[in-house]
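Below is one structure; the comments refer to it alone.
Derivation of every value follows stated rules applied to the coordinates shown; laboratory data play no part. Because the structure is a prediction, the values reported are computed rather than measured. Positions of Cβ are generated from backbone atoms using ideal geometry, with glycine treated the same way; all protein chains shown enter the neighbour counts.
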Amino acid sequence: MLAAILALGLLAVAFGLMLGFASIRFKVEGDPIVDKIDALLPQTQCGQCGFPGCRPYATAIAGGEADINQCPPGGETTIIALADLLGRDPKPLNPENGAVKPKMVAIIDENICIGCTLCIQACPVDAILGAAKHMHTIIAAECTGCELCVAPCPVDCISMVPIQHNILTWKWPAPPPDMRPG
Amino acid sequence: MSGPADPIRLPPEPPPKPRLWRFSGGVSPPYNKTMSSVHETTVARLPARLILPLHQHIGEAADPLVKVGDQVLKGQQIARANGYVSAPVHAPTSGRITSIAEYPIPHPSGLSALCIVVDSDGRDQWRERAPLGDQFAALEPSALRNVIREAGIVGLGGAGFPTYIKLNPGHDKVIDTLVVNGVECEPYITCDDRLMRERPSDIIQGLIIARHALQARQCLIAIEENKPEAIEAMRRAIEGLENFAVVPVPTLYPQGDAKRLIKTLTGKEVPSNGLSMQIGVVVVNVGTAAAIYRAIYHDEPLISRYTTITGTAVAAPRNLEVLIGTPIRELLEQCAADSSDLGELIMGGPMMGFALQSIDLPVIKTTNCLLALARSKQPPAPTVMPCIRCGACMDACPVNLMPQQMYWHAKAKDFEKTQEYNLFDCIECGCCSYVCPSHLPLVQYYRYAKGEIWTAEREREKADLARTRHESRQARLEREKAEKEARRKAKQAAMPQDMGQQGREAKQAEIQAAMDRARQRRDEAIARVQHQREPTPPASAAAPDGSRPDDDHQT
């Protein structure tokens, strides 16, 4: 009787120590699921999901506060990837968050720009170059197409234009669907 | 019409036949080569206008060196290489630059890209030329490569990879074998065949130069057995040369693919995602070798090439020596093509070529063949049926892939799975589509899947950049906020602690006094103005409600 209690007690202590050691030795900093979700989001930082950026949205998904279908720039691809990651069923994009649009880039009409810096403050990725009372311009390669700079402009000199395909970005289209025997 | 059914037997040759290996798969489509290969190559007429795309090769587009209105001489460089993987473009004839703008170029997308348009002056006048000649042997390989780079030479077999990079294996690699690709396995195409028959010594001279640049031990000239005249001509040209050999290889598509050819000649396989240099082999096309010779011995950059004009719509199929930039329309006219019955126009062969949208596109450095098919003679497009999993594609695949699995996953947009099946080892040779009993456009699925994967990769890179920039912006804003807070705190700390009620009142009084002084000065100024312009009392009218414009300055 005593031997059995002693043996079980010893085992309990030993395993407790092992678990305790493992929890310290293999401690994971931060929440890895948030990082994984964030890696799938398109990083436009546009806020269409209702959160101030992609990482806050990723945190909200991980915390169960947001659904996986709130990201219009990511579209179907992102929803499917998130569903895969989280083991949920994919669902159509929530229309309240916006619609899927072709990829855009912002362009400043440099003749109209008054150099107010409001768009520079709005840009979440610092893709606008300029200084007070000097013309601003957009670094197209860094622009995510989030449209956050459009509204603050007091002279409406920023427009969003779809990104044109060139022979380097062009890709083969999907083949037509097979014919089914009638 | 020669078919795959009647193999041409070679007379026994003195050199012993080297051992050959066999790659798996492959197909034997009807070759249709004799219609153009029996005719002597002629020089195409000088066109009035040449359109030169700046992106005719793999890599970055070239940078224009000329302006609209400039006069250029034949062979003058008009666009320079932009970066390591790039090639310059030269004026194919003398004339005037009339436009530098976007024009449609021969590309599967049918999109436009920047081109330089040269209007010929008809004189075809060369720039000053200073051929290196036999002095090339005294040059360092790197200097030699530079000459080849400046001549704008790219792989003329169809891929258009800058040749000087191929000739640069790096310090750590020893190149044992230089393989010259005269296989030309695609149906219809005969430009390499004609070149080997007509200019064998050019090719051999080019090979001697390339071999010097690579410091390669031996040089193998691989020619498909269905070109006995070319084999004969090349054999005669290498007489007396050591470590040169002509190797007839079996007629089997895609024998001409570089990696298949290496397997056939050496039995070695290039590793997946690897380069042939890793196993000590470099493969160049015969046209490329001839272009190297022209560059070294005649100081002629790559401004012309052999192109096969053939197909059911062409009445007089043959090879033409064409200036790069010549509109395809003129070549079709010279070969008596029936433009009213023109169905599909393909650049390259029927297996790997792509359809062109217009006959006004120019010939580029990689245009080895223009295949014009008559609409009236084209069979109706076969009905695409579902995959029956017969596995015929798998047996035909020369790369040992599983085309049916890749098709399945590409169709389901499961691109990760296609990569697990080594999608990127696919050479898009079209053997699988050729044998498919359901007529599935398999290659199209693989190209689509590759494109989607590349796009996703680009987008992922862009997203990573955006994330980094966003995070550094957040960090900067935080830092600025903290700095501001620290400054405010420091200021507060610097202020006398015992200011108390009295101190604050004193400060208020000071501010009040300053405001009073300012108001007084303003009133005086108003009075002065009123005094000067007695009749109009605008200030007095505005004064009572205090909404004068200059009030703003005080706030």
Charge dipole (debye, nearest 20) of segment B:381-487; +1 at Cβ of Lys and Arg, -1 at Cβ of Asp and Glu: 480
Student exercise, segment A:32-97 dipole from Lys, Arg, Asp, Glu Cβ charges, in Debye to nearest 20: 80
Segment B:303-377 - Rg and Dmax from Cα coordinates, angstrom: 10.9, 35
Gain on full stretching of the segment that runs from residue B:212 to residue B:243 - 0.36 nm per residue minus C-alpha separation: 9.9 nm
Within-10-Å neighbourhood charge of residue A:67 [Cβ basis; K, R +1; D, E -1]: +1
Extension gain from residue B:506 to residue B:492, taking 0.36 nm per residue of separation minus the Cα-Cα distance: 3.3 nm
Added length on full extension, which subtracts the Cα-Cα distance from 0.36 nm per residue, residue A:140 to residue A:110: 9.4 nm
Computed helical MRE - 222 nm, chain A, DSSP H runs ≥ 4 contributing -39500 (n - 2.57), nearest 500: -10000 deg cm²/dmol
Inter-probe distance in nm under a simple model that places probes 7 Å from Cα toward Cβ, at residue B:21 and residue B:354: 3.2
Two-site label geometry, residue B:422 and residue A:28: point separation in nm, points 7 Å out along Cα→Cβ: 3.4
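Compute the Rg/Rh shape ratio of segment B:62-152: radius of gyration over Kirkwood radius, all on alpha-carbon atoms.
Ratio of gyration radius to Kirkwood radius for segment B:62-152: 1.04.
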Between 0 and 90°, nearest 10: helix B:442-494 axis offset from chain B longest Cα axis: 20
Scattering curve values for the protein assembly as shown, log₁₀ I(q)/I(0), Debye with Cα scatterers, q = 0.07, 0.11 Å⁻¹: -0.69, -1.28
Nearest-0.05 FRET efficiency for residue A:101 and residue B:333, computed from C-beta distance (R0 56 Å): 0.75
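Treating the beta-carbon of each Lys and Arg as +1 and of each Asp and Glu as -1, no other charges, what is the dipole magnitude of segment A:1-145 about its Cα centre, to the nearest 20 debye?
280
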Dipole of segment A:78-174 [Lys/Arg +1, Asp/Glu -1 at C-beta], most positive-end residue of A:153, A:83, A:125: A:83
Chain A: DSSP helices with Cα axial extent of at least 30 Å and average Kyte-Doolittle hydropathy no lower than 1.6: A:2-25
Protection proxy ranking, peptides B:334-344, A:19-29, A:65-75, average beta carbon neighbours within 10 Å, highest first: A:65-75, B:334-344, A:19-29
Kirkwood hydrodynamic radius (C-alpha pairs) into Stokes-Einstein, segment A:104-162, 25 °C and 0.890 mPa s, D in µm²/s: 225
Over segment A:59-169 - Rg/Rh using Cα atoms and the Kirkwood inverse-distance radius: 1.07
Cα→Cβ-extended label distance, 7 Å offset, between residue B:278 and residue B:96, nm: 5.4
Neighbourhood charge, 9 Å Cβ-Cβ cut-off, centred on residue B:339 and excluding it, Lys, Arg +1 and Asp, Glu -1: -2
Sites residue B:126 and residue A:83 - FRET efficiency at Förster radius 56 Å, r taken between beta-carbons, to 0.05: 0.30
Förster radius 56 Å - calculated FRET efficiency between residue A:170 and residue A:6 (Cβ-Cβ, nearest 0.05): 0.15
Selection from B:451, B:423, B:388, by position along the positive dipole direction of segment B:369-484 (Cβ): B:451
Spatial extent of chain B: Rg and Dmax, with the Cα atoms as the point set, Å: 35.4, 123
Residue pairs, from the table B:173/B:268; B:417/B:450; A:171/B:411; B:166/B:259, whose Cα atoms sit over 18 Å apart: none
At q = 0.13 Å⁻¹, base-10 log of I(q)/I(0) for segment B:150-232 (Debye sum, equal scatterers on each alpha carbon): -0.45
Cα-based helix-to-principal-axis angle, B:228-237 vs chain B, degrees rounded to 10: 80
0 to 90° range, to nearest 10: angle between helix B:286-298 axis and chain B longest Cα axis: 80
